[in-house]
Amino acid sequence: MSLATEKETRPFWTIARRDAAAGYLFIAPQLIGIVIFVLIPLGLVFWYSLHEWNVLANSFNYVGAANYQMLLADPSLPQVLTASAIFSAGLVVLNLSLALLLAVLLDQKLKGIVVFRTLFFSPVVVSLVAWTIVWSFLLQNNGGINGMLSAFGIEGPNWLRTPTTAMISVVVVQVFKNVGLNMILFLAALQGVPKELYEAARVDGAGAFKQFRRITLPLISPTILLTSIITIVGSLQVFAQIAVLTQGGPGMSTTVLVYYLYQQAFQFHFFGYGSTLSILLFVIVAVLTFAQWQLRKRVVFYEN
Amino acid sequence: MKLTYLKASAALAGILVPLAASGVTWAQDAVNLRMTIWSANEAHLAMFNEIAAGFKETHPNVTVTFEPIPFENYTTTLTTQIAGGNPPDLAWILETTAADFVNSGALAPLTDAFAATEGYDLEDVTEQATALWTRDGQLYAYPFSTSPFAIFVNNDLVTAAGATAPAELIANGEWTWENAFATAKAVADGGQADGLIVRDFNYQTWQNLASIWNGWGASPWSEDGKTCAFTDAPMVEALTRIHEAIFAEGAMPGPGENVDFFAGNAAMTITQISRASLLPKDDPFDWDLVPLPEGPIGAYAVVGQAGVGAFANRPNTQVAVEFLAYMTNPENSQKLAQFFPPARASLLNADTLAATNPLLSAEQLETVVIAGISTGTVLPGHTNFAQIQQTVRSGLDAMWVPDADVPAVLQSVCDSVGPLLAR
Amino acid sequence: MKTDLSPRIKVALYGLMCVLLIPFVFPTWWMITSSVKPISDIFAFPPDLWPRRFDFSTYAQVFELQPFARQYWNSAYIAAIVTAGTMIVSSMAGYAFARIKFPFSNAIFMVVLLGLLIPSEVTIVPLFQMFLGWGMINTHWPLILVPIFGAPSVFATFVMRQFFIALPTELEEAARVDGLGRFKIFWIIALPLAKPALGAVAIFTFLHSWNLYLEPIVFLSSTQMFTLPQALTQFTDAYGGAMWNIQLAAATMTAIPVLLVFIVAQKQFVEGLAHTGLKG
């Protein structure tokens, strides 16, 4: 009855309602996918984290918050979190600055620039296995890099066997592999900057560096935000390279959180505790991303 | 709840896998067994399929599928399958995870079934070989590969350095670790090549050092596995000697140095005999294969193993155990011996082994392979080995620097691994 | 920044780029040259820049030892379906999040963004249990469904949303006045304008699917079903040691076509991205 009265005053399918229905229809496939393939599995992982689950012994016992207490008391955790923070920070800074440098270079009007673009991008499609093996080779104490350094009379460090250089090495190897993606994003952003702005600045007497700082950087700031989110999130998920290059060593200096999680769950068979670490990883990534997303309002030039 | 789920999914898998994998006919009792393996080698698969075909003659309803999983991801994938409620019926098991699997109750007991199989001759399988895979007198996995550690020698490099070749030392009864290190040092001092490499050790897989420290009578933990023995005298002496060989003498390449014996870059390497396949064919050097030298405790041997087991409490466990009995009976063991050194005493003779190891001389087979398998102890293993391995590796890293205080490092290793062992 | 540069600066730029290229190109070069070396030469030290001896039989062996052509096809068709599917799902979702006002749209967008944040190791066990329950183990369904609808497509949705936000609204407003429905506006007006962004999404999605490693290993068990990254690890000798030269030959064949596509498509790709909301 109430429906009928409403119908008399205005049609049920107002533009706003029709729009809302269309909106839900449009996002339905994505949203249902996220519920089934992300939220439900995530809920299950949380459920596992409340259990002591030894896969081989087939024991699955409810232990409440015991895994979370274990997490707080885990003597390795501070080291692991520190290693993760250093790894991610190093990766993001190096990756973004190198990507930007390459993008600026590749944005120049030069013959054969396509060849260079392709070559800088090529590691992205090379098999990770082949990539890591070659680098583990080059980084040996008697490897190609130290060989090259000795030609200049420098005695290189034992890259993968010293805590500091091991961390540098895994960061650099990862950067070279994937910087091509960010480079392309930056290149695209640079090409989207209106050229008139540079001309106007030149008329005003601004030098190349000033142009870059005053015009380029602000205008590509949304891209910087996007790439830094992707890169941070990606950096927290790197473990295959670490497994091959250092196995988390020497000591625990390169054991980052996702590698530690992988060890606990898949190598040591502690699925319950591994799930607890997964939840921790998830919370960290979510907080970081949220913080960056909030930051955009202040730092990023404009978004609409 | 967990068990019903497992049962339901097991039944589900039993129905679906045959359909998906081979399209077997809908016979009521059609059984498809899955065996996960870490070799994707064609020759291996051909041999296993041949054995499976032989089994089908007496069990026409049974099909066996072999599923190769990359070695690096083997345990991860197997664990995921088990955790997901879809374990294979049979699986190869790494020696490092042997204790975990054998003690977990995940595997079906084999001894009674094997003993009841006609012509199986369980007595023939040597006791040393089965020790790792046995709990409370029951065998839980069959060691299908028992491969001794030995030393490959590059005689060209040794001669060029003016050092005494191991064969000569053996002939004179002087094949000891001291002389082996001396030979290695002599070659390394020449600067053209390195001395001795423990293959696959890489300053990470420390358990491979057992091929040396067993000569000192050292062991990483007590017999019952409960207490750390890294601080015991034999281990401290053995590791001090190894440290000296690496950093003071340069007889062994240091950490972070990539040297390949089979590319002709080192005088000697400790590895399993199966690695003979890596010897260069185009540009060969004069090589030899010799047993491990004598240590302070005298002669000793070390073997590495791989086992195969059947998962318990599965709908087809019984058939899987029957297949395992068939696969490892005397006749099929001989087939397996083409690739995997056997644990059966009756196959441990130069004639049988020569047919399948054409690269090795009768003498090498006798002194290295047969003696090694008959007397060798297996590499150290422990329940929860992966975590223990990782903890020890992390602790030992402090030792692989020139001025390390070996006893102090070993004390810290025991401090960190002790609680894990005591569990 | 595009100005004609003086010859001296050009030479300096070429020099700088060539030096920077070394760490990018050397590993790839090593992979390609090592794929035609006999196995004993591969780990020679120092590494050879040019093979001492050639052994081209490795490329033939790749196909003899594995159903490699079949595996190539698996990877190709999975990547194609995933790419097409992601383009549809993400452009619709991205359009709705950017353009259509509906209750809770921001909250829902935040929920969807969660997908961007979860490493695949975290959810692999529950996903395995779910697909087992649906009888989809050792099929390609998990490798198709999860990327199109699940976490990997979120990045694409994000890119599409950013693009549509930056797109001028005048055309759509005009279409609305003409009485076009939402779906028609999307299909006839917005989507054709979104070609550049779709191109970028396509390349990222294709690469992601093409390089997927953990999921195939967990979900697939028969060699006929394998995808390329998984197949690469399967070339081993009789004792389980890797046949590096053959593995590298297979790896080379896996990388080259994608590089060729990149060379052809890179201009559209870059320009496409330049017109998306990712720009400044």
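Quick note: the coordinates plus some simple rules give every number you see, no bench work behind them. Computed from a prediction, not measured in an experiment: that's the story for all the values here. Counting neighbours? That spans all protein chains shown, and the Cβs are built from the backbone with ideal geometry, glycine included.
Mind checking the angle between helix B:317-327 and chain B's longest principal axis? C-alpha axes, 0 to 90 degrees, to the nearest 10.
Compared with the principal axis, the helix lies near 50 degrees.
What angle do you read, to the nearest 10 degrees and between 0 and 90, between the alpha-carbon axis of helix C:120-133 and the longest principal axis of chain C?
Compared with the principal axis, the helix lies near 80 degrees.
Once the dipole of the protein assembly as shown is set up with Lys and Arg at +1 and Asp and Glu at -1 on Cβ about the Cα centre, which of A:257, B:154, B:80 lies farthest towards its positive end?
Going by the Cα projections, it comes out as A:257.
Along each of the three principal axes of the Cα atoms of the protein assembly as shown, give the extent in whole Å, ordering the values from largest to smallest.
Projected onto its principal axes, the Cα set of the protein assembly as shown covers 102, 77, 55 Å.
Work out the P(r) tail for chain C: percent of alpha carbon pairs separated by more than 28 Å, whole number.
53
Using the 2.2 N^0.38 Å rule of thumb for compact globular proteins, work out how chain B stacks up: its C-alpha Rg over that value, please.
1.05
Can you tell me how much longer the chain between residue B:30 and residue B:46 gets when fully stretched, taken as 0.36 nm per residue apart minus their C-alpha distance, in nm with one decimal? Numbers along the way, then the final one.
Working: separation 16, 0.36 × 16 = 5.76 nm, distance 2.26 nm.
Value of the extension gain: 3.5 nm.
Which log10 I(q)/I(0) values does the stretch A:145-304 give at q = 0.13, 0.14 Å⁻¹ under the Debye formula, counting every alpha carbon as one identical point scatterer?
The Cα Debye sum returns log10 ratios of -0.85, -0.92.
At a threshold of 8 angstrom on Cα-Cα distance, excluding pairs fewer than six apart, so keeping six or more, what relative contact order does chain A reach in percent? Please list the in-between numbers first.
Values: 304 pairs, mean separation 83.5, N = 304.
This gives 27 percent for chain A.
I'd like to know which of A:114, A:245, A:203 lies farthest towards the positive end of the charge dipole of chain A, counting +1 on Cβ of Lys and Arg and -1 on Cβ of Asp and Glu.
My answer, from the dipole projection, is A:203.
Spin-label point model (7 Å from Cα, Cβ direction): what's the residue A:152 to residue B:58 distance in nm?
7.1
Using Stokes-Einstein with the Kirkwood hydrodynamic radius over Cα pairs, what translational diffusion coefficient do you get for the stretch A:112-185 at 10 °C and a viscosity of 1.306 mPa s, in µm²/s rounded to a whole number? Don't skip to the answer; put the middle values down first.
Values: Rh = 13.6 Å.
In µm²/s, the coefficient rounds to 117.
Against the 2.2 N^0.38 Å scaling, with N counting residues, where does chain A land? I'd like the Cα-based Rg ratio to two decimal places.
Chain A yields a ratio of 1.31.
Report the FRET efficiency, 1/(1 + (r/R0)^6), for residue A:201 and residue C:139, where r is their Cβ-Cβ distance and R0 is 51 Å, rounded to 0.05. Can you show the working numbers first?
Working: r = 58 Å, r/R0 = 1.14.
In this case the efficiency is close to 0.30.
Using unit Cβ charges (K, R positive; D, E negative) and no other charged atoms, how large, in debye to the nearest 20, is the dipole of chain A about its Cα centre?
That gives chain A a dipole magnitude of about 780 debye.
Over 32 Å between Cα atoms: which of A:111/C:195; C:101/C:195; A:111/C:37; B:56/B:281 fall into that group?
A:111/C:37; B:56/B:281
Show that you can apply the helix-only estimate: for chain B, add -39,500 (n - 2.57) for every DSSP H stretch of four or more residues, divide by all residues, and state [θ] at 222 nm to the nearest 500. Please report the intermediate quantities before stating the final value.
Details: 17 runs with 164 residues, N = 423.
The helix contribution divided over chain B gives -11000 deg cm²/dmol.
Kindly express, to the nearest 10 degrees and within the range 0 to 90, the angle between helix B:42-58's C-alpha long axis and the longest C-alpha principal axis of chain B.
Once rounded, one gets 40 degrees.
Can you work out the PRE-style zone for residue B:131? Point 7 Å along Cα to Cβ, and I want the residues of the stretch B:220-246 with backbone N under 11 Å.
B:223
Highest GNM mean-square fluctuation, chain B, Cα pairs closer than 10 Å: which of B:278, B:110, B:122?
Most flexible of the set in this elastic network: B:278.
How much FRET efficiency would the formula 1/(1 + (r/R0)^6) give for residue B:415 and residue A:291, where r is the Cβ-Cβ distance and R0 is 35 Å, rounded to 0.05?
0.35
Which residues does the label zone of residue B:118 cover in the stretch B:47-84, counting backbone N under 15 Å from a point 7 Å along Cα→Cβ?
Correct set: B:58-59.
Per-residue Cβ counts within 10 Å, from other chains only, averaged over C:219-226: what number is that? Don't skip to the answer; put the middle values down first.
On the way: counts 3, 1, 14, 9, 5, 1, 2, 2.
Average neighbour count from other chains, rounded to a whole number: 5.
For the stretch B:30-148, what does the relative contact order come out to in percent, with C-alpha contacts under 8 Å and a separation of six or more?
Once normalised by length, the contact order is 24 percent.
Given the alpha-carbon gyration tensor of the stretch A:13-62, what are the semi-axes of its equivalent ellipsoid in whole angstrom, ordered largest first, with each equal to the square root of 5 times an eigenvalue?
Details: eigenvalues 341, 18, 5 Å².
Here the semi-axes work out to 41, 9, 5 Å.
Which whole-number percent is the relative contact order of chain B (Cα, under 8 Å, 6+ apart)?
Relative CO of chain B lands at 24 percent.
Which distance in Å, rounded to a whole number, links the C-alpha centroids of the stretch B:247-261 and the stretch B:96-143?
The stretch B:247-261 and the stretch B:96-143 have Cα centres separated by 39 Å.
Averaged over peptide B:389-398, how many Cβ atoms belonging to another chain are found within 10 Å of each residue's Cβ?
That works out to 4 on average.
Identify which of B:403, B:189, B:232 has the largest mean-square fluctuation in a Gaussian network model of chain B, with springs joining Cα atoms closer than 10 Å.
B:403
Mind listing the lone cysteines of the protein assembly as shown, meaning no other Cys beta-carbon sits under 4.7 Å from theirs?
Within the protein assembly as shown, the cysteines lacking a partner Cβ under 4.7 Å are C:18.
At 222 nm, what helix-only mean residue ellipticity would chain A give, in deg cm²/dmol to the nearest 500, using -39500 (n - 2.57) for each DSSP H run of four or more? Walk me through the numbers before you get to the answer.
Working: 15 runs with 202 residues, N = 304.
Result for chain A: -21000 deg cm²/dmol, rounded to the nearest 500.
Could you work out how far apart the two model spin labels at residue C:60 and residue A:39 are, taking each label as a point 7 Å from the Cα in the direction of the beta carbon, and quote it in nm?
My value for the distance between the label points is 5.7 nm.
Considering the dipole of the protein assembly as shown built from charges on the beta carbon (Lys and Arg +1, Asp and Glu -1) around the Cα centre, which of A:22, C:262, B:395 is farthest to its positive end?
So the residue we want is A:22.
Determine the calculated [θ] at 222 nm for chain C from helices alone, applying -39500 (n - 2.57) to every DSSP H run no shorter than 4 residues and normalising by the residue count; nearest 500 deg cm²/dmol.
Counting only the DSSP helices, I get -21500 deg cm²/dmol.
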